[in-house]
1. How many residues are over 17 Å from B:CYS217 (Cβ atoms) and either at pLDDT 95 or above or of a type in the set (Gly, Ala, Ser) (or both) if we restrict to the stretch B:519-553?
2. Based on this model, can you work out whether B:GLN549 counts as within 18 Å of B:ASN520 (Cα to Cα) and either buried (at least 19 other Cβ atoms within 10 Å of the Cβ) or not small (Gly, Ala, Ser) (or both)?
3. Look through C:ALA118, C:ALA87, C:ALA97 and report the one residue that is away from chain A (no Cβ under 14 Å), at pLDDT 95 or above and either within 13 Å of the chain's Cα centre (by Cα) or within 26 Å of C:LEU201 (Cα to Cα) (or both).
4. Given (1) free of Cβ contacts under 8 Å to residues at least 40 places away in the same chain; (2) under 14 Å from C:THR194 (Cα atoms); (3) more than 10 Å from chain B (Cβ to nearest Cβ), where does C:GLY271 come up short, assuming only one miss?
5. Go through (1) away from chain A (no Cβ under 12 Å); (2) without any contact (Cβ under 8 Å) to a residue 40 or more places away in the chain and name the single condition B:CYS713 misses.
6. When only residues in the stretch C:225-273 that are charged (D, E, K, R) and part of a loop (DSSP other than H, G, I, E, B) count, which is surrounded by the most Cβ atoms within 10 Å (Cβ to Cβ)?
7. Taking C:PHE45 and the conditions (1) under 23 Å from B:SER118 (Cα atoms); (2) within 9 Å of another protein chain (Cβ to nearest Cβ); (3) out of contact with any helix residue (DSSP H, G or I) (no Cβ under 8 Å at 6 or more places or on another chain), which numbered condition does it fall short on, given that it satisfies the others?
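The values are calculated or read from the model by the stated rules, or taken from the named source; none is laboratory data. All of these numbers come straight from a predicted model, not from anything done at the bench. Please note: Cβ atoms are built from the backbone with ideal geometry, for glycine as well, and neighbour counts cover all protein chains shown.
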Amino acid sequence: MPDAVETIPIRLKVNGKSHSLTVEPRLLLVELLREHLDLTGTHVGCDTTYCGACTVLINGAAVKSCTVFAVQADGAEILTVEGLETDGQLHPIQRAFAECYGLQCGYCTPGLMLATHQLLARNKRPDEKAIRKAIAGNTCRCTGYQNIIKAIQAAARNMDGVQQRSSV
Amino acid sequence: MTLGEPRRWVGHALPRKEENRLLRGRGKFADDIKLRDMLYLRFIRSPYAHANILSIDVSAAEAVPGVICTLTGAEIVPLTQPFIEIGPDPFAKIKDYPLAVSKARYQGEPVVAVVATSPAIADDAAEVVQIEYEALDPLGDGEQALQDKSLLHEEAGTNRVWNGVFEYGDVDRAFKDAAYIVNIDRLHFHRFSSTPLENNVVIAEWNPKDERIYYSCNNSFPSFAIQFLAAHLNVHIDRIRVETSDIGGSFGIKITSYPQMAVCALASKKAGRPIKWVETRSEHMTSSAHGNERTFRDTRVALAKDGVITAITSRHIDDCGAYPRYEPLGCVIWSQVFPGVYRFKNARIDFMQAVTNKCPVGPNRGYSRMQHLWFLERVVDICAHELGIAPDEMRLRNYVRPEEFPYTTPNGCVYDSGNYPKMLQVAKDLIGWDEWKKKQAAARKEGRLLGIGIGTTLDSGTNNFGQSQIVNPGLPYSGNSQGANCKLDIYGEVVVAVGSCPQGQGHETTAAQVVADVLNIHPDLVTVRTGFDTERNVHTGFSGTYASQFAVSGLSAVHGAAQKLKAEMKRLAAFTLQTKEDDLEFSMGAQGPEVRARGNGKSINYWGLANLVNANTAALPPELYEVTLNCRYIWRAPFKVPDKQKKYGNLTLTYASQLHICVVEVDRETFIPRILDYGAVDDCGTVINPPIVEGQVYGATAHGIGAALMENCVYDAVGNMLTSTFSDYTPITAVNMPAVKYGHIETPSPHSYSGAKGMGEGGAAPIHTISAALQDALFASGIVIADSFNNADSLFRAMVAKEIGQAQKLVRVERRV
Amino acid sequence: MYPRAFHYHRAGSLKEAVAMLSQLGGEAKLLAGGQSLIPLMKLRFANPGHLIDLNFISGTSFIKEEDGRLRFGAMTRHAEIEDSSAAKKIPILHDCAAGIADVQVRNRGTIGGSLAEADPSGDWATVLMTLHTELHCLGNQGERTVPIEEFIKDAYTTALAHDELVREITVRKPSPNSGGAYLAFKRCAPVYPTASAAVQLTMEGETCREARIVLGCVGLTPIRAKQAESALRGAAVNEKSVSAAVEAARTASDPQPDMRGSAEYKHTLVGALVKRAIDVARRRALGEKVELSHIYA
């Protein structure tokens, strides 16, 4: 164990906002978000990289922020659930989760929406199998996944529709 | 008994009020809350299942920079009383403290607490606490524990927590007259836990200035917790304030967090600062609460020639882990569904509960009833197969009939409404029963192992707490109650508070729907307080969220409070508008919701009414001084105290039912059971908000499928828990879960104001259903499905044992015709 | 869950990482994707005094096709391999990459880190042993090339010296009439397989010219089932030869009982997986496009 607490300076952008901080090497990204930046929408549900409640995007890729040290996010752009909305308007994924009753207690929801975000960025019209695979790293104990899958399908339709309209 | 207001909102798919914050990441869960100068607590837990604690040395931990204090069992004994025991002597004599005192009784039991300025430092310090143990032989099995060869709790002198015989009808006669007797040696319902995704969290502050204890936590039955805590901590109950906010699931599990709440308060008192404890997943798996494990021994079933069951006798051994805590309530709760959905009148169940060196159990979605319902479904299903009666036909012959409701069970419970044959038909239609039957016949010709199973189950809701007197006649509990408050605030806003602490069931939404209908306003105009707070003064002794009851107890309380408010508003409006009360109508005006006199066309809006009572009081005549527009209502269930000797009486108010059908195929090479089709039909009476109900059905179905195929709390021979992480326990995920076909019927309950029945637990229908489907797939291979947990490995081992002739013969049929 | 405190070192190059390893000694560990290491540190089962972070070194993550070989930088993430059109040309690599844990873990975890960890349940070593695979290892003494078979020594033990790391993995592209398949049974995505089978077959018509069969999670290391390979080599791939291969594979497996299954079950399971993987490998070798994904509980 080191004698004095070692800290490392890092800079990162979270939901478009730049931050410069010094952190202990052992600080996990999820703690950085929750405890240092007060972004408590990202949750912790397990200790073993199973449940995905802590999922955020690092440079567009979904990761479990409980399995990344904060120092590793130095220079990265991070998107958390708090960054999904724009000027108070819900993101189409958020809207779809609401419309389809895709959440109950809401604890897993932020992680699931960010896993969805990555999926739909790469696959505009995923079939049910692709959706199940894309959320295989996110545990939900309330919904049985049924309405989550519906919500992701609805989000895909919403987003695809928006893009098609804007390209006309 | 339904009341008159039109239903513009109740019964409709209103979007949930909860979503706005939860979807934006702005929910407030317990771990999101920080208090000034807060410290962090970590438990050091016993690595042994059973061991004497010889010595504890905390000096190295206390020397770690940032550590404020430690706490041991020996330290808290003089400061506290042992927790109240619900059960009678001799188990009432045991000494249950929240930290092990001289001996540890399960792996994961808290022994020492360390308190530090950060959670990481607390973890560092936890590593250097020195505890010397002397390992004792662990008791890992309820039946073994009942032999009393060694004891967990010496004060009790036995490991038997409770024993009672539930006997009704004329059992001996029924067996004498039976055409067939089916004997089943042993059935076993496994341990699992619904593992809410949010772990337990406690923030406690023992304020030295006023000796008040403040809790911000996610306990799901706070009014029960404070009764235990006040007695344990020697404080007046009003000195304890419990607040909950958003809760990330409980499924009953978070009812039993009060021991950790006690330690956090004591640690706060010692440190003089607020304490936060955030449970880790491993802690949750090893030491939060598991569902009850139950073994069913020596079951005998008497049947008539046509397969109608006439009597059942059996011996049930419930394993409650190391401390009874909420138990032995489970020893009676199962009897709410004594005959399940079946008509048999004669039965004798000898029920025993034992302590073992495992995690204490606690209520877990389907608490105590699901074990019994699974047992009955196995009995019916095994009998059907043994007697060569089609399982669907067997059920139809034995179901309580639609025309028999309200139906009084042999033990005096009153099933309010239901229609099981109709549910069976709806479920068959959902999955295309006839088509599957054809496919099954074809598959069998190819040697494939394809089975179709039915599970019919009950979700009994709104307990009569009088049943606790069946386990301990001295207990001061009976009936059921829930409180709610509905008011017009000073500016006329409609505000509702209720004594529940929801975890995703949409209480804010459904409560608003009910009030909106009473006052004829839009639900958006109804503010429903989030979470629970003892200082809102709406809770009763039974307030919380558990046992499938909000739609009945919670919404009845809300409805009662809203009606009380409406009556006061009418009195006030009649005076102000100079008219009679029956001339008034509630409507929307230009200045918001208002009360209008039909006759003279005058109206007053809600602000005007509230202002008269709160701010413009000189205008109020003395005869209206008692009008407060702040209406507290306590709803009470119409129960009587059951007959304790005969164990007879109505134990629950409503009986929602579920009927599932599942098609499963066991792969001949990998033995992996694969669900090919799944239908779930629900009847919870009148539905308040259909998508919320549907969501509960999907969720309960996932829990059941997970429990049936994936989730099992496994201990090794020396009491190590082998499934102490999610990676070992494997809660069900999206790639495991089949698409569920949902259907429902409505048989309104005559026992609730709205016709709704409490629901949400689901009666563990998938466990019964999957067991039945596997039975159907494997009966021809000579396999009896005798355990509620079946995965590829266990099915493989059963098949091999059969092939090499080492399978135990579990079932024996005596034929007298 | 908080790991013990440690010293953090950010390597600017692989050479620097090697120098740090020699300088810091046995208490130092490399941090690649961290998807196994970090959970172990959180549970305090692994407690390195120093972590050397490889994530900021440029040029360590790549997939290149060269001279009939595929070259993978050691820090290439599983997801990059899953999405790579080059890697898709060797279907067994895609089976493997796409089946590791879940999306989030595949976005972080690396092929080099996975191989260097040598977890008996890891996927890559099992798959790469069916191909001609070499690991290019960089140490204080310079670089050396180690065939995969010699790289994996034992459970959690590789041929790497303490101050050595994996720089690159090269895989020789199999001939066009060769096809492979990797199939695992997993209780769910985030956990390791209960058992897995990797099969690479080279076919001439219906006759198998060359076969590689490797079993995963049923021994301390991936097990090359040589008897099973012999059962197919030079034979027509039919019910008889396949069942001989399956039987031989089962015999070769040496599983331990754990929460994933009993030893007896894994014996049986691995045989069934080999059988199915042979079928897919054969069809792929014959030019058929076959989608394959793992079996989940």
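1. Count: 15.
2. Numbers: within 18 Å of B:ASN520 (Cα to Cα): no; either buried (at least 19 other Cβ atoms within 10 Å of the Cβ) or not small (Gly, Ala, Ser) (or both): yes.
No: the conditions fail for B:GLN549.
3. Among C:ALA118, C:ALA87, C:ALA97, only C:ALA118 is away from chain A (no Cβ under 14 Å), at pLDDT 95 or above and either within 13 Å of the chain's Cα centre (by Cα) or within 26 Å of C:LEU201 (Cα to Cα) (or both).
4. Result: C:GLY271 fails condition (3) only.
5. Among (1) away from chain A (no Cβ under 12 Å); (2) without any contact (Cβ under 8 Å) to a residue 40 or more places away in the chain, B:CYS713 violates only (2).
6. C:ARG260
7. C:PHE45 satisfies every listed condition except (2).
Listed here are the residues, each with its yes/no results for (1) at pLDDT 95 or above; (2) closer than 30 Å to B:TYR715 by Cα; (3) polar (S, T, N, Q); (4) in contact with a His (Cβ under 8 Å, 6 or more places away or on another chain).
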residue	(1), (2), (3), (4)
B:PRO328	yes, yes, no, no
B:PRO391	yes, no, no, yes
B:ARG401	yes, no, no, no
B:ASN411	yes, no, yes, no
B:ASP416	yes, no, no, yes
B:LYS422	yes, no, no, no
